[in-house]
Amino acid sequence: MTFDGSLIIDSLPRLMDGLWITLRLYVLALTCGTTLAIALVLMRISSKKYLSWPVMGYIYFFRGTPILVQLFIIYYGLPQLEFIRTGPLWTFFREPFFCAWFALTLNVAAYTAEIFRGGILGVNSGLVEASKALGMTYTQTFRKVTAPIAFKLSLPAYSNEMISVLKATALASTVTIFDVTGVARKIVAETFAPYEIFLSAAIIYLVLAWVIQNGVRHLERRISRYAN
Amino acid sequence: MPSKPPIISLKSVHKYFGTYHALRNINLDVEEGQKIVVCGPSGSGKSTMIRCVNGLEQHDEGDITVNGHMMTTDEKTGNLIRQEVGMVFQSFNLFPHMKVIENLMMAQRMVRKKTKAEARDTGMKLLERVGISAQADKFPGQLSGGQQQRVAIARALCMNPKVMLFDEPTSALDPEMISEVLEVMTELAREGMTMICVTHEMGFARSVADRIVFMDEGEIVEAGEPETFFANPEHNRTRKFLDQIISH
């Protein structure tokens, strides 16, 4: 087998275009999903069943089905519904990028809500009592004591999720999006050089994962210097 | 002598954990300025009792009145009471993600709506009073157990409470750190603070308490002034307990 290095150099500009799409999809899905996760976890830990039960069902569905299947349901399935195709939502759901973003966001939200819930359960109940004993309300205690500590406890699991989502963005290539993987597939189809091109794509993902890992490690070190 | 109503009053209080009868018919009145020491074997309900006083545990029967407010299951009432009642825990429970001074400022800002400068000022004064103003900008994890507990006392005092509850404040401390915490508590007692202390420190009880309450199996077995309590306990159970903790 021969290894054609010039092929990699030639395809770099197109892979960089794909990188831009991957990054946009990734950052949008991660930030929106995490924001949604905060709302979901607040509902999930509520003692009111009409708030917690729907979230439990939601999390159960999104954790129990493959993202690829969810993406296909959204991209291929929803347009079969009359009101989607003829209604105002069609502006969004006809866009593959929107569908990929939507599927990933819902996924991030489900997993991250569970991660945050784990963090909240991990907060020493004595601290919550101490705050309560000072006359702080439940909401004040949650904001000032529970949430910051829970976030710190959630970080290791959350950083895992950040890496998972990065890799999951590659699924977008199955619905005609030219992210890194999509571009790579297209170049391979033209050049019949899967080894060089997919290896380049893999290296791009590796670099991104490395950046994310180190960023989180840095953050972890910063916020847990003295907090036990 | 015209008597003011007691600042804390427990009347026929019962508490259950499931089927376990944790508090049995507790009756206790505490006048303003009084220092009560509660002792008894572990599992006797001492902590449960003082945790009912500020509503960290909810009692099932009877009435608890604190500073004129009747404790109910309503969060608002409980909160109103807790704002006037300071509590110190066995395990300190300082907020690990905040500096010492921030630990002291938080509730002043959130509950008393004080400005940052006012809260810091009060905080620093109280840290000075417990002798650790030099540690204000450290995190709790950097302090010794004794220092942490003194911070916890200062944090409770920041709210200018009418009553202080101590739940075994020295039980988690290394022996050499017990005295520094007891000194702060003794000083507080001398200044006239109303206190209920659950503790096994009988030296502290003897010198500070107006009344010692002995509990066993969820009930108050006897209560009396230190001299009579130590010299002439009425009940066998009390005698047995005192023998056990004093014989070593």
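The values are calculated or read from the model by the stated rules, or taken from the named source; none is laboratory data. Computed from a prediction, not measured in an experiment: that's the story for all the values here. Methodologically, a virtual Cβ is constructed for each residue, glycine included, from the backbone with ideal geometry; neighbour enumeration extends over all protein chains shown. For the accessible areas, the whole protein counts, side chains as well, though only heavy atoms, and no ligand, DNA or RNA atoms are used. Shrake-Rupley method; radii C 1.70, N 1.55, O 1.52, S 1.80 Å.
With only Cα atoms counted, the protein assembly as shown has Rg and Dmax values of 30.6, 106 Å. Projecting the Cα positions of A:Ala113, A:Val207, A:Ala133 onto the charge dipole of region A:5-223 (unit charges on Cβ atoms of Lys, Arg, Asp and Glu, taken about the Cα centre) puts A:Ala133 furthest along the positive direction. Spatial offset of region B:103-124 relative to region A:155-209 amounts to 51 Å, using the alpha carbon center of each. Residues of region B:78-106 that bury at least 50 Å² of accessible area once all protein chains are present, compared with their chain alone (1.4 Å probe, heavy atoms only, ligands and nucleic acids left out), are B:Asn79, B:Arg82, B:Asn93, B:Phe95, B:Pro96, B:His97, B:Met106. Structural descriptor for chain B: relative contact order 25 percent, calculated from alpha carbon pairs under 8 angstrom and at least 6 residues apart. Gyration tensor over the Cα atoms of region A:5-223: the corresponding equivalent ellipsoid has semi-axes (square roots of 5 times the eigenvalues, largest first) of 38, 24, 12 Å. Quick note on region A:49-172: its Rg to Rh ratio, both from C-alpha atoms and Rh being the Kirkwood radius, is 1.11. Between A and B, buried accessible area from a 1.4 angstrom probe totals roughly 2100 Å², ignoring ligands, DNA and RNA.
Cα centroid separation, region B:1-74 to region A:103-135: 32 Å. Under 23 Å from the Cα of B:Lys4, which lysines turn up, not counting those fewer than eight places away in the same chain? Correct list for B:Lys4: B:Lys35, B:Lys162. With r defined as the distance between the Cβ atoms of A:Tyr50 and B:Arg239 and R0 fixed at 41 Å, what FRET efficiency is calculated, to the nearest 0.05? The formula returns an efficiency of 0.10 here. A Förster radius of 35 Å combined with the Cβ-Cβ distance from A:Tyr138 to A:Ile203 puts the calculated FRET efficiency at roughly 0.10.
Remark: chain B projects, on average over all directions, an area of 14.3 nm² (convex hull of Cα atoms). When the solvent-accessible area of chain B is split by element, carbon and sulfur atoms take up 47 percent of it, the probe being 1.4 Å. Between B:Glu191 and A:Lys186, the modelled label-to-label distance comes to 7.4 nm, taking each label 7 Å out from Cα in the direction of the beta carbon. Short-range pairs are left out: with C-alpha atoms under 8 Å and at least six residues apart, the relative contact order of region A:1-109 is 38 percent. Annotation: per residue accessible area for region A:5-223 equals 52 Å², rounded to a whole number [probe 1.4 Å, protein chains only]. About its Cα centre, the dipole of the protein assembly as shown is roughly 1280 debye, where the only charges are +1 on Lys and Arg Cβ and -1 on Asp and Glu Cβ.
Taking the C-alpha atoms only, the angle from helix A:49-64 to the longest principal axis of chain A is near 30 degrees. Using the Cβ-Cβ distance between A:Phe83 and A:Thr176 with R0 = 30 Å, the FRET efficiency computed as 1/(1 + (r/R0)^6) comes to roughly 0.80.
Apolar share of the accessible surface for region A:5-223: 69 percent from carbon plus sulfur atoms, 1.4 Å probe. For a straight C-alpha distance cut-off of 19 angstrom, the lysines reachable from A:Lys186 (same-chain residues fewer than eight places away being disregarded) are A:Lys167.
A straight Cα-to-Cα reach below 16 Å connects B:Lys15 with the aspartates and glutamates B:Glu57, B:Asp60, B:Glu61, B:Asp63, B:Asp216, B:Glu217, B:Glu219, residues fewer than 8 places away in its own chain not being considered.
Label sites at B:Ala172 and A:Asp10, each approximated as a point 7 angstrom past Cα along Cα to Cβ, lie 6.8 nm apart.
With the convex hull drawn around the C-alpha atoms of region B:1-119, the volume per residue stands at 155 Å³.
Shown in residue order for region A:129-135 are the 3J(HN,Hα) couplings computed by the Karplus curve 6.51 cos²θ - 1.76 cosθ + 1.60 at θ = phi - 60°: 5, 4, 5, 4, 5, 7, x Hz (x for Gly and Pro). Extension gain, A:Glu95-A:Ile223: 0.36 nm per intervening residue step, less the Cα-Cα distance, totals 42.1 nm.
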